[in-house]
Structure formats: C-alpha cells, structure tokens
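J.: Dropping a structure here in structure tokens format, bear with me for questions.
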Amino acid sequence: MKVKFWGVRGSIPTPGKETVRYGGNTSCIGLDADDGTVVIFEAGTGIRTLGLKLAGMPSVEIHLFLSHTHWDHIHGFPFFVPAYIPNRVIRIYGPPHFDKSLQQIMAQQMVYSYFPVNSDELQARIKYVDLKEETVEIGGLKITSKLMNHPVTCYAYRVTEGAKSMVYTGDNEPYYNFMASAAMDETEVDEITMIVKEQNDRNIEFVKDCDLLIADAQYTDAEYPTKVGWGHSSNLQVLDLAMKAGAKELVMFHHEPTRSDDQIDEIVKQTREYYAATGHSGIKKISAAVEGEEIII
C-alpha cells in the first residue's frame, strides 16, 4: 500500500515562508491499496488538493475515515471536488458525538450562514457510517477503529493489507493525565492507576508490530506540562509508544501551527538522538510528516 500526506498540520492552516518545507495544510492522509481501493484519513484542508487529483481520474468509490469531527479534521470537506460530481460514491466513516450522528455533524458546517452550498446540494452519492470499535473490510483492506484519548470521541485506525500494516493514531494523548486527587482513598488511587495502565496497554497492543505508525505529536516534552488534558501527545511520548509496540517506522504528525520548518527539524533531531541513546534498534526510521511525501509499505 502507498501512503501520501496531503495535510500535516494541526488546529489551523499555516501558509507562509516558514512552513513551506513541511506544509501548512491541516490533516489529510491518502492511502492507495494494491487492489486500487482509495482510502482517505481526515478531511482537513489537504483534502482539497487530493480531491482535484481524484476528480480527474476514472470514477472510484472513495472511503473517507475521520478520526473525529473537530474543525481541523473536517473543514476541507466543503472544498472536496468529488463531492460535487454526480454519481460519485463517497463513504464517510467516523464517530458520532452524543446526540448527533456523523451525518448531522458534517452537515452543520455546510449551512448558508457559513458556506454558500448546503450539504443537501452535493451531487455525489454520500453514505455515512457511524463507527464503534470495529473492523471494516474494504477490498483487500481490513481497517480497525479504536477509541483514543481526546476531548471528543476520537478513533485511531489500523489498516492491514496482507502482511503489511499501518496505524494512524488520530488526535491522542496518553492517559497519564488521569491522576489521583488528594480526596481519594488508597483503594480509589489503585483503581485509577490500574485503569490508566490498562488504557495505555491497549494502545500499545493496537499499534503492536505495525510497519508504519503515524502519530499525533503536536508538542515537545518541554511544552507538554502546560498542555495536559488538551488531547495531544509529545514527540517523546509517541516515541515511547513506538518502542513499546515494536513499530518499524515512526512519522510524527499534526504539527503545532506555530511551529516553523526549522523548529520541526530540531524536534526530529532531538527525537532521533534520544532514540539512539536508548540502545533500542527496532525502529528503522523516525521522521516528521511532510506534505506531498509518499511512503510505500
């Protein structure tokens, strides 16, 4: 399978001379399976350019997986050209949120108060799938969803094709921030400690032995203490996940919008140096996602 990054930034698009090398579009990852199946993860602004490419190709069914529906993961969809082409088939998978279905959430950003085209006016045949933790089979792919730690329902996805596998974490924070309070007795503290360990262990098991791990690493370890509870990981937290899970390649994703290209270079350098000092040898490559870059698994 071939993975291509169409948008790598978190929170908000960041055009400008300081973000040219890594890219300023928000989250969007394309995956082309060996059998021609087209899968997209996230509909940030990077999906606009991907849509232009798909619009010029023979019609194929498009499978769009959303980790969650925060704005930077869906605000490119109104500019996704295949959605305006009659009889194109687009299946959109993702989590509902409390009392709203995925379809209702997506439609809310396409009302006339915010956008000149209503979602009901889209010409493609769009089908919505509200996901739970489950496995979806599409062609030769198996795509498994897993609940992660973010301020809204958010999934990671593991894609398997034959013996090859890729994991995309979506927006995720390790469960370290669920700490005991002074008002809790010893039993309650022990229970919370066990729950935190179980949840982190589930994440490790989900990622286990994957060929490629694309992980939210919006912050550095130095920044993280002021961002606890925001739902994002640091570079060394995702390195720790990759090491414990036995991932073969780590790509840090969802770059902080204030981060320049040079600063991302420094984070990659720091992460590689820290990894080298551990003596671990299982991860063959550590990098930061670059808009336009392709990885063949």
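The values are calculated or read from the model by the stated rules, or taken from the named source; none is laboratory data. Just so you know, these numbers come straight off a predicted model, no measurement behind them. Note: ideal-geometry Cβ built from the backbone for every residue, glycine included; neighbour counts use all protein chains shown.
J.: Show the residue pairs meeting these rules: Cβ distance below 7 Å; 6+ apart or different chains; first residue within segment 97-120 and farther than 15 Å from His73 by Cα; second residue surrounded by 11 or more Cβ atoms within 10 Å (Cβ to Cβ) and of a type in the set (A, V, I, L, M).
T.: Val117/Met110; Asn118/Met110; Asn118/Val111; Ser119/Met106; Ser119/Ala107; Ser119/Met110
J.: What number goes with the only condition from (1) more than 21 Å from Val251 (Cβ to Cβ); (2) touching a strand residue (DSSP E or B) at 6+ places or on another chain (Cβ under 9 Å) that Gly56 does not pass?
T.: In the conditions (1) more than 21 Å from Val251 (Cβ to Cβ); (2) touching a strand residue (DSSP E or B) at 6+ places or on another chain (Cβ under 9 Å), Gly56 misses (2) alone.
J.: If you don't mind, there's one more thing I want to ask. Does Ala215 meet the test of being within 23 Å of Lys2 (Cα to Cα), at pLDDT 95 or above and assigned to a helix (DSSP H, G or I)?
T.: Taking the combined requirement at face value, the residue does not satisfy it.
Conditions tested, residue by residue: (1) part of a loop (DSSP other than H, G, I, E, B); (2) among the β-branched types (Val, Ile, Thr); (3) touching a helix residue (DSSP H, G or I) at 6+ places or on another chain (Cβ under 6 Å).
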position	(1), (2), (3)
Val3	no, yes, no
Trp6	no, no, yes
Pro13	yes, no, no
Ile29	no, yes, no
Val39	no, yes, no
Gly44	yes, no, yes
Leu50	no, no, no
Lys53	no, no, no
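J.: Any residue that is in a strand (DSSP E or B) and either out of contact with any Pro (no Cβ under 8 Å at 6 or more places or on another chain) or modelled with pLDDT of 95 or more (or both) - is there at least one of those in segment 100-107?
T.: Within segment 100-107 (the criterion being in a strand (DSSP E or B) and either out of contact with any Pro (no Cβ under 8 Å at 6 or more places or on another chain) or modelled with pLDDT of 95 or more (or both)), the answer is yes, since at least one residue qualifies.
J.: Another question about this same structure. Is there a residue in segment 70-90 that is at pLDDT 95 or above, surrounded by fewer than 18 Cβ atoms within 10 Å (Cβ to Cβ), over 24 Å from Asn172 (Cβ atoms) and in contact with a strand residue (DSSP E or B) (Cβ under 7 Å, 6 or more places away or on another chain)?
T.: Yes, because at least one residue in segment 70-90 is at pLDDT 95 or above, surrounded by fewer than 18 Cβ atoms within 10 Å (Cβ to Cβ), over 24 Å from Asn172 (Cβ atoms) and in contact with a strand residue (DSSP E or B) (Cβ under 7 Å, 6 or more places away or on another chain).
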